[in-house]
Amino acid sequence: MSAHEERAANQGSGPDPGRASWARDLAMGLRFAVGGGREGWIRTALTAVGVGLGVVLLLGAASIPHILESRQARGDARVAVNGDRPVKRSSATLRYADAGTSFHGDPVRGALLRPDGPDAPAPPGVHELPHHGEMVVSPALKELLASPEGTLLRERLRFKAVGTIAEPGLAGPGELAYYAVSDRLAGEDGSFRIAGFGSRIPPRELPPTLLVLIIVACVVLLMPVALFIATAVRFGGERRDRRLAALRLIGADRRTVRRTAAGEALFGAVCGLLLGTVLFLAVRQGIGSVTVWDVNAFPGDVTPSPALAALVAVAVPLCAVGVTLVALRGVVIEPLGVVRSGAGRRRRVWWRLPLPVAGIALLLANGQVGTGGGTVDPYLIAGGAVLVLLGAVTLLPWAVEAVVGRFRGGPVPWQLATRRLQLSSGPAARAVSGITVAVAGAIALQLFFSAIQGDFMKVTGQDPHRAQQDVTLPSHDVATIREMVARFRTTKGVRGVIATIESTASRPGPVRRGEDFPPSTQVTVGDCASLGELAHTGPCKDGDVFVVKDSTGMVDTGYLFKTARPGARVLLNQDIRTGKPDGAPRTWTVPRTARVVGSRKDPSGQTAFGIFATPGALDTAALADPRARAMVRTDPAVADAAEYVRNTAARIDPLMDVRTLQNLERDKQFGSVRTGLLVASTATLALIAAGMLVTTLEQLRERRRLLSVLVAFGTRRATLGWSVLWQTAVPVALGLALALAAGAGLGLALLRTAGKDIFDWSVIWPMVGGGAGLVAVVTLLSLPPLWRLMRPDGLRTE
Amino acid sequence: MSIGHTLLGLLESGPRHGYDLKRAFDEHFGHDRPLHYGQVYSTMSRLLKNGLVEVDAVEAGAGPERKRYAITDAGVTDVAQWLARAEKPEPYLQSTLYTKVVLALMTRRDAAELLDTQRTEHLRLMRGLTERKRTGDLADQLICDHALFHLEADLRWLELTAARLDKLAEAVRA
Amino acid sequence: MTPEGSLLVAEGLHKAYGPTPALDGADFSIHPGEVVAVMGPSGSGKSTLLHCLAGIIAPDSGTVRYGPHTLTGLSDARRSALRRTDFGFVFQFGQLVPELTALENVALPLRLNGTKRKEAERQAREWLERLEVDTVAQQRPGELSGGQGQRIAVARALATRPRVVFADEPTGALDSLNGERVLTLLTDAARDTHAAVVLVTHEARVAAYSDREIVVRDGKVKDMMAGLI
């Protein structure tokens, strides 16, 4: 449109002619996007698919708050609170006992209930409490119990399943859970009375370091998605420019052309938004069968927060238009062709460098936080991380141009690749900017991880080589205890049981001066083999007694000797509350032959001391309030030994607690954040690879004729293959180098924030390897089309 | 354009009276310039004298109308030689070339061959001119270029005619 | 027709793209140092003939012999190698690598043959001088005029001192003056190096630079000299 026409348009009758021309030009772009023939459609489809994939990830991220909130809400609603004050029994109360177990490594949430009357509350998701001996189960548990794999669990949960727990009572669709009703619940078995389910206890707050981690992870994972969307909007840009040149030829002015391009991009982005929404809804339906980070969610949970969803819906099309306009800034579309002015203008470094520097400064401004406390300003941390990563992205085009500009000579493939990059390094730099951000972020996080994981990994002190299961027996009756131990010993897959009965012994007589209560010590009765696991007994036979000193130094041997001393007389039935014997005093004398030995850490990591006696020396019937423990050693050759042990425990008592011994315990929250990060960065890298592949193929298609000419004069396939490889590898290598620098900088700044200075450099190599793998994959996937394009058909002009 | 060869060619498809010959000539080649009777009879008497035609039959009555001419073997050979001979490339050849093509088609000879022969002749001349241009001075170049462009125009006509021979054959033989 | 001393001989070439035959029993031969114009209407199979002769595509049947080699029996790799060393190519347009300078474009086939970069660029510079375009040696194709670009392409085709130069409408995109200059330079240089030139064109004035012309019509070749003899 000429200036004259534009003036005419401005004098038009509309209230806002500027807006009218905008609308007209945008509409024209839309027509180009729709009616541009096959090529136009392909371009629009590519953009839409690219944007759509990005939108799926963005909507997924926007749903995370709701997923967590709804899980939390449902979790809170089903908690049974054992309050400080006992609940008075009424027709509307019930007794509750935790009866969770684990099966093949998966936790099974379970509880035994005993209603006190007809009005007893039902847990969330349970319509009506079942009767005695019956249970309601989660759909996942129901399925497991019905399957052949569930045989052993079926033996353990010997209740009749009469119903299922509905969605409100479950954390996720894959959760294994049951509520069983048992008349046998009584006061002394760990159960308690409640009047209703649910609690208003504020949830545990995330440790600040973990919060930093999550904030940075979100930034790191979402920035490449944003960059990918920006790349997707530019798919097919060169052909679009040629079409716009044709538009100029028939009289459109530069502004019109720009608006038309914006309209085209807008259409692609809106299509992508719709496609992404549809894909998201489809993925959401299937979400129940997927478990990520030990979490799985109901489709209803995966609901984007309205504000974030609105942000995505507005930001994506706006970004598309913005990116298009910025991309056109360096391009002059003339009626007879497209001139890229970018080649003449060197990129400047001065405005790019302050970004990462400011980012690091922001991070350091937050001050230190530790696992113990400190405050995290999410805006400061997120802003700092964004600036650092954005800095890496803005530095990248400059770095690529600066480095590539220095390349001279080299073999032919190298020359072809570097010369191409020299002529226009922009597209290459854009293509790898996603990788740069993803890898920089991942490196920073991995560094941070390696330094803080010590905070989240506990060495338990347990020794799973000596025993694998630790059982607390719920009985105080020695005969029953013996019988239980015997049942464990005869369980399939069990090699041995370390069983002890423990009680207390105190010095008989009144309290002496300076004492608040009579000195007392622990009495442990077990066979020689069991005692040998708890103390360095040396040679032992039935009838022996040992005085065990605490080798950890927690208990003073002098104090210990007040009661546990060869030849000392001790009281076995002291009432702790009164200090007097509970009924007729039962005393026992430690034999003078008792040997004084050191204690030994037992397989569960605990250390016992005091009087150790074999059954032949001390009759356990004399002990008051005896408690029994059993540590079970299983046969590694029997795969389900642990399940058999649990089944035996459940047969004895459904409330019996069986713990699996392990040397390291990883903090669950930390573990899930780490897994989530790995999964998400893999998805991000795959997305970037897809984007790079499209860009490479598009570029190859543009050069179809040239490729045919090169083939005509005998160029080897390998020569061109290598040139494609270098063309991808050089920017990726530069991107990775920059990512390394930015990632290390960001990581170190974060570490300083967390007050750490020890970290493991080796964690960055997988990232570099991932980048290299990406180059390989993109190159390999572009080779078949390259071979196809290298056929002489491209020479045929007719 | 050789009227003698043209009339001989027309006779090749069968004996004709003088008047028929004039009509056939006018129909195919005389769009802007019809032939005079005088021209026909003077040409025929020359051909008779050279033994290229003979009088096939003389009908009753007076005047030249009585004679019907037929082509002799020598006449057929003469037509064939004429058609096969490339014309000296010069401007405004097409009336001759056109006549030759049409006659070739009418007599079921290979018209494409005729065109190819002519193309070769044209190109031979163009090669010479091109060679002269390469070695000559600017004046030579300009003169040669003039000739070359004209020859090129003829050649284009040859190409176009070659591409339309089938259609032309249909029209001529109809 | 197998004339004595022929450098490149093709016999009975057939090639079809889908159901339409592009070549239908085409014969061809060329002597060292000879410039042969391949003429014919568009779509007649001229380019297909050139591609078959140069070993860029394999004919469906028929043979192409080049010196002692039977091109049609060679592997793709061997044919590619032959094209690198013995053949040169000029096309109508879009043949220069846009990223490389004029000099590097001319040096490219030499380098593909294994010549060192310095030496390749020295030889390339000589060819640029010979084709009167040494002033644009450091410019990229996008900055060159059409005539300059075609001269670069000719220089590139000749740089390896090929035995046969295949030129497919080399002046198709040029005005007469530029076209004639390019043709003069191409044929002169070819005659000097005793290279044969297969010149595909539909223009008589271009064909006039040849020693002999053949016409491809409906996939068949007509050798015009044969008719005269």
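Would you confirm, using the coordinates I've provided, whether residue A:61 is modelled with pLDDT under 80 and under 30 Å from residue A:222 (Cβ atoms)?
Criteria met by residue A:61.
Mind listing just one residue for me: the one in segment B:77-121 that is more than 14 Å from chain C (Cβ to nearest Cβ) and basic (Lys, Arg) and, of those, surrounded by the fewest Cβ atoms within 10 Å (Cβ to Cβ)?
That would be B:88.
Would you confirm whether or not segment A:401-408 contains a residue that is charged (D, E, K, R), in a loop (DSSP other than H, G, I, E, B) and either modelled with pLDDT under 85 or surrounded by 20 or more Cβ atoms within 10 Å (Cβ to Cβ) (or both)? Write out each step before concluding.
Taking segment A:401-408 first, the residues charged (D, E, K, R) are A:401, A:406, A:408.
Next, only the ones that are in a loop (DSSP other than H, G, I, E, B) stay: A:406, A:408.
Then keep just the ones that are either modelled with pLDDT under 85 or surrounded by 20 or more Cβ atoms within 10 Å (Cβ to Cβ) (or both); that gives A:408.
Yes.
Can you find a residue that is surrounded by 15 or more Cβ atoms within 10 Å (Cβ to Cβ), under 23 Å from residue A:95 (Cβ atoms), of a type in the set (Asp, Glu) and at pLDDT 80 or above anywhere in segment A:181-195?
No, segment A:181-195 contains no residue that is surrounded by 15 or more Cβ atoms within 10 Å (Cβ to Cβ), under 23 Å from residue A:95 (Cβ atoms), of a type in the set (Asp, Glu) and at pLDDT 80 or above.
Of all residues being of a type in the set (Asp, Glu) and at pLDDT 80 or above in segment A:534-562, which is surrounded by the most Cβ atoms within 10 Å (Cβ to Cβ)? Just the residue, please.
A:544
Among the numbered conditions (1) facing chain A (nearest Cβ under 8 Å); (2) at pLDDT below 90; (3) within 24 Å of residue C:33 (Cβ to Cβ), tell me where residue C:99 comes up short.
So the condition that residue C:99 fails would be (3).
Can you find, within segment C:77-93, the residue that is modelled with the lowest pLDDT among those that are surrounded by fewer than 19 Cβ atoms within 10 Å (Cβ to Cβ) and within 9 Å of chain A (Cβ to nearest Cβ)? Outline the logic, then answer.
Filtering segment C:77-93 down to residues surrounded by fewer than 19 Cβ atoms within 10 Å (Cβ to Cβ) leaves C:77-78, C:81, C:85, C:93.
Among the residues that remain, those that are also within 9 Å of chain A (Cβ to nearest Cβ) are: C:77, C:81, C:85, C:93.
Numbers: C:77: 85, C:81: 88, C:85: 89, C:93: 78.
That would be C:93.
Among the numbered conditions (1) surrounded by 17 or more Cβ atoms within 10 Å (Cβ to Cβ); (2) closer than 24 Å to residue C:173 by Cβ, tell me where residue C:41 comes up short.
It is condition (1) that residue C:41 fails.
Look at residue C:124 and say whether it is in a helix (DSSP H, G or I) and within 11 Å of chain A (Cβ to nearest Cβ).
no
Just need a number here: residues in segment A:563-595 that are assigned to a loop (DSSP other than H, G, I, E, B) and among the hydroxyl-bearing types (Ser, Thr, Tyr). Please lay out each step first, then the result.
Initially, segment A:563-595 is screened for residues assigned to a loop (DSSP other than H, G, I, E, B), giving A:563-568, A:572-573, A:575-580, A:582-586, A:590-594.
The next check asks that each one be among the hydroxyl-bearing types (Ser, Thr, Tyr); those that pass are A:563, A:578, A:593.
Result for segment A:563-595: 3.
Scan segment A:695-713 and give yes if some residue there is outside any helix (DSSP H, G or I) and either closer than 30 Å to residue C:165 by Cβ or modelled with pLDDT of 85 or more (or both), otherwise no.
Within segment A:695-713 (the criterion being outside any helix (DSSP H, G or I) and either closer than 30 Å to residue C:165 by Cβ or modelled with pLDDT of 85 or more (or both)), the answer is yes, since at least one residue qualifies.
I'd like to check something: does segment A:722-730 contain any residue that is in a helix (DSSP H, G or I), modelled with pLDDT of 85 or more and closer than 25 Å to residue C:54 by Cβ?
Yes: one or more hits.
Among the residues of segment A:526-560, which ones are in a loop (DSSP other than H, G, I, E, B) and small (Gly, Ala, Ser)?
Of everything in segment A:526-560, those that are in a loop (DSSP other than H, G, I, E, B) and small (Gly, Ala, Ser) turn out to be A:526, A:538, A:543, A:551, A:553.
Residue check: is residue A:712 among the aliphatic types (A, V, I, L, M), buried (at least 23 other Cβ atoms within 10 Å of the Cβ) and touching a helix residue (DSSP H, G or I) at 6+ places or on another chain (Cβ under 7 Å)?
Yes: the conditions hold for residue A:712.
Please work out if residue A:698 is acidic (Asp, Glu) and either surrounded by 19 or more Cβ atoms within 10 Å (Cβ to Cβ) or away from chain C (no Cβ under 14 Å) (or both).
yes
Is it fair to say residue A:523 is closer than 27 Å to residue A:485 by Cα, part of a strand (DSSP E or B), in contact with a strand residue (DSSP E or B) (Cβ under 7 Å, 6 or more places away or on another chain) and hydrophobic (A, V, I, L, M, F, W, C)?
Yes: the conditions hold for residue A:523.
Restricting to segment B:122-146, name every residue that is within 11 Å of another protein chain (Cβ to nearest Cβ), over 23 Å from the mean Cα position of the chain (by Cα) and among the aliphatic types (A, V, I, L, M).
Hit for segment B:122-146 is B:129, nothing else.
Could you look through segment A:238-296, keep only residues that are of a type in the set (Phe, Trp, Tyr) and modelled with pLDDT of 80 or more, and pick out the one that is farthest from the chain's Cα centre (by Cα)?
The qualifying residue farthest from the chain's Cα centre (by Cα) is A:267.
From the list B:51, B:63, B:14, which residue is more than 16 Å from the chain's Cα centre (by Cα) and either modelled with pLDDT under 85 or crowded, with 20+ Cβ neighbours inside 10 Å (or both)?
None of the other options fit; the residue is B:63.
Taking segment C:51-75 on its own, how many of its residues are at the interface with chain A (Cβ under 9 Å from one of its Cβ atoms) and either surrounded by fewer than 23 Cβ atoms within 10 Å (Cβ to Cβ) or in a helix (DSSP H, G or I) (or both)?
2
Between a first residue in segment A:613-627 that is touching a residue at least 24 places away in the same chain (Cβ under 8 Å) and a second residue that is of a type in the set (Ser, Thr, Tyr), which pairs have beta carbons less than 7 Å apart while being 6 or more apart in sequence or on different chains?
A:623/A:503; A:624/A:503; A:625/A:503; A:626/A:503; A:626/A:620
The values are calculated or read from the model by the stated rules, or taken from the named source; none is laboratory data. Remember, it's a predicted structure, so these values are computed and weren't measured experimentally. We place every Cβ from the backbone using ideal geometry, glycine too, and count neighbours over all the protein chains shown.
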